[in-house]
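Step one of this worksheet: look at the structure below.
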Amino acid sequence: MSHFASNIELLRKISEPLAARMEAHRLSAGEPTELAGFFVEPARSGELTVKYESGGQSFYLHSPYDPLREAQQYAAGALADAKEGNFAVFFGMGLGYGVRAVIEQLPPDTRVLIFEPHWELFYLAFCHADLSWLFTRDKTTITCDPSVQGALFQYMNLFELAGFTGLRLFSNPTFERLPLANHFAELASRVRYEMLAVGGNIQT
């Protein structure tokens, strides 16, 4: 079974509209290895990586040598730097290596939002990566809405005041070089503002 086939089975259980969108896109585009400047390639370790090329830029989103080892190193550093809290927001996903490595070390009750504004990149991951870790984890969602307002809406839908202990923001410097990376900083600012408002209401 292809990754697309296994991913679509899981996605149907949690979002039939998104599953229908993915199937419609597959009918027109198939399961490509290149979309909008993103190229899926084999890394030396045998895992897949993604190269981005556009406007004179050319860089890898994941290691071209060993993406899994790189993901573990990223997770160790990201978890050490992040504040404590039971709500986590990830900016960018790619094929999911780094995000998955972090999530697997978070407490199971942590609510997780992944903001991947590059729809084409998410579609490539859907076609070429096992996303069962994403679609089967409770209190976890991904938004590919390129608008910050849409991503904030998903955040507030997932947010729950009762038991909230803090917010953890995870960003990958490589993803911050992508075209829509300015949305990451804007969403982070909006989320922090909302959390300050929540804190003020609690004090009141």
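Starting from the Cα-Cα distance between Asp145 and Ser28, subtract it from 0.36 nm times their residue separation and give me the gain in nm to one decimal. Spell out each step's value before the answer.
Working: separation 117, 0.36 × 117 = 42.12 nm, distance 2.06 nm.
Extra length from Asp145 to Ser28 when fully extended: 40.1 nm.
Near Lys139, which lysines are there with a Cα under 21 Å away, not counting those fewer than 8 places off in the same chain?
Within the straight-line limit of under 21 Å, Lys139 reaches these lysines: Lys13, Lys83.
So what are the ³J(HN,Hα) numbers for segment 45-57, from phi and the Karplus equation (6.51, -1.76, 1.60; θ = phi - 60°), rounded to whole Hz, Gly and Pro as x?
6, x, 6, 8, 10, 10, 10, 10, 9, 5, x, x, 8
Please work out the Cα center distance from segment 141-183 to segment 1-50, rounded to the nearest Å.
That distance is 22 Å.
Which of the trypsin sites (Lys or Arg not before Pro) found in segment 60-140 are loop residues per DSSP with 15 or fewer other Cβ atoms within 10 Å of their Cβ?
Lys83, Lys139
Which whole-Hz ³J(HN,Hα) couplings does segment 142-158 yield from phi under the Karplus relation 6.51 cos²θ - 1.76 cosθ + 1.60, θ = phi - 60°, glycine and proline marked x?
After applying 6.51 cos²θ - 1.76 cosθ + 1.60, I find 10, 10, 10, 5, x, 8, 5, 4, x, 5, 5, 4, 5, 4, 5, 5, 7 Hz.
Quick one: length gained pulling Arg12 to Trp119 fully straight, 0.36 nm per residue minus the C-alpha distance?
Working: separation 107, 0.36 × 107 = 38.52 nm, distance 1.81 nm.
Stretched out fully, the Arg12 to Trp119 stretch lengthens by 36.7 nm.
Please compute the modelled spin-label separation between Ala5 and Leu196, points set 7 Å along Cα→Cβ, answer in nm with one decimal.
Modelled inter-label distance: 5.2 nm.
Take the solvent-accessible surface of the protein heavy atoms, probe 1.4 Å, and return the percent of it on segment 1-60 that carbon and sulfur atoms account for. Mind showing how you got there, number by number?
Values: 1810 of 3550 Å².
Carbon and sulfur: 51 percent of the exposed surface of segment 1-60.
What residues have an amide H closer than 5 Å to that of Leu167, excluding those fewer than 5 places away on the same chain, when H is modeled at 1.01 Å from N in the peptide plane?
Answer set, sorted by chain and number: none.
Stretch Lys83-Ala20 to full length: gain in nm at 0.36 nm per residue minus the Cα-Cα span?
Numbers: separation 63, 0.36 × 63 = 22.68 nm, distance 3.74 nm.
Working it through step by step, the gained length comes to 18.9 nm.
Using DSSP to call loops (not H, G, I, E or B), can you name the GluC sites (Glu not before Pro) in segment 127-204 whose Cβ has at most 14 other Cβ atoms within 10 angstrom? Show your work: numbers first, answer last.
Details: sites: Glu160, Glu176, Glu186, Glu194; in loops: Glu160.
For GluC sites (Glu not before Pro) across segment 127-204 that sit outside H, G, I, E and B with at most 14 neighbouring Cβ atoms in 10 Å, the list reads Glu160.
So, in nm, how far is label Arg44 from label Glu176 when the simple model puts each one 7 Å beyond its Cα toward the Cβ?
So the label points at Arg44 and Glu176 sit 2.7 nm apart.
Under 8 Å for C-alpha pairs, at least 6 residues apart: give me the relative contact order for segment 5-58, rounded to a whole percent.
On the way: 35 pairs, mean separation 10.0, N = 54.
Averaging sequence separation for qualifying contacts and normalising by length gives 19 percent for segment 5-58.
Along Cα→Cβ, 7 Å out, is where each label goes; now give me the distance between the ones at Phe164 and Gln105 in nm to one decimal.
2.6 nm
Enumerate the amide H contacts of Thr174 below 5 Å, restricted to partners 5 or more residues apart or on another chain; note that Pro and chain-start residues carry no placed amide H.
HN-HN under 5 Å from Thr174: empty list.
For Ile142, which sequence-distant residues (separation of 5 or more, or a different chain) have an amide H within less than 5 Å of its own amide H, given hydrogens modelled in the peptide plane?
Hits under the 5 Å cutoff: Ile114.
The values are calculated or read from the model by the stated rules, or taken from the named source; none is laboratory data. A quick note: this is a predicted structure, and the numbers were derived from the prediction, not measured. Cβ coordinates were reconstructed from backbone atoms using ideal geometry, including for glycine residues, and neighbour counts include every protein chain displayed. Ligands, DNA and RNA are stripped out before the accessible areas are found, and what is left, the full protein with its side chains, is counted by its heavy atoms. Shrake-Rupley method; radii C 1.70, N 1.55, O 1.52, S 1.80 Å.
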